[in-house]
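Worksheet: one structure, shown below.
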Amino acid sequence: MYKAVSAALMVAGGILVVLGIRASESLGSDLSRFFTGNPTDRAIWLLVGGVVLCGIGLAGLLRGSHAAG
């Protein structure tokens, strides 16, 4: 059960990372980067959230494999 939840967290994190990358390459993000030097907050939060979810999912998978062995 824990492996399924961890795998789902990794998949959700991967989706958020992809959405964050796409958002950082959008026209709105390009304009924000032109005027402020930074991409939009939405793109940053999507990327950060995706990386965090992937990390939690990976930790759960690694912990689950050690506990089962």
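In degrees from 0 to 90, rounded to the nearest 10, what is the angle of the helix 2-24 Cα long axis to the longest principal axis of the chain?
Helix 2-24 and the main axis of the chain meet at about 10 degrees.
Only helical DSSP H runs with n ≥ 4 go in: add -39500 (n - 2.57) per run for the chain, normalise by residue count and round the 222 nm mean residue ellipticity to 500 deg cm²/dmol.
Numbers: 3 runs with 61 residues, N = 69.
The helix-only estimate for the chain comes to -30500 deg cm²/dmol at 222 nm.
Treating only the Cβ atoms of Lys and Arg (+1) and Asp and Glu (-1) as charged, compute the dipole magnitude of the chain about its Cα centre; round to the nearest 20 debye. Intermediate values should be presented prior to the final figure.
On the way: 5 positive and 3 negative charges, 45 e Å.
The dipole magnitude comes to about 220 debye.
When every alpha-carbon pair in the range 2-68 is counted, what percent end up more than 14 Å apart?
On the way: 1304 of 2211 pairs.
Distances greater than 14 Å cover 59 percent of the Cα pairs.
If I fit a long axis through the Cα atoms of helix 41-68 and take the longest principal axis of the Cα atoms of the chain, what angle between them do I get, 0 to 90°, rounded to 10?
That works out to roughly 10 degrees.
With point charges of +1 on the Cβ of Lys and Arg and -1 on the Cβ of Asp and Glu, referenced to the Cα centre of the chain, which listed residue (29, 16, 58) lies farthest in the positive direction of the dipole?
It is 58, whose Cα lies furthest towards the positive end.
Under 8 Å for C-alpha pairs, at least 6 residues apart: give me the relative contact order for the chain, rounded to a whole percent.
Numbers: 82 pairs, mean separation 33.7, N = 69.
So the answer I get is 49 percent.
We did not get these values from a lab; they are worked out from the coordinates using the rules stated. Not measured: the values here are computed from a predicted model. Neighbour counts run over all protein chains shown; Cβ positions are idealised from the backbone, glycine included.
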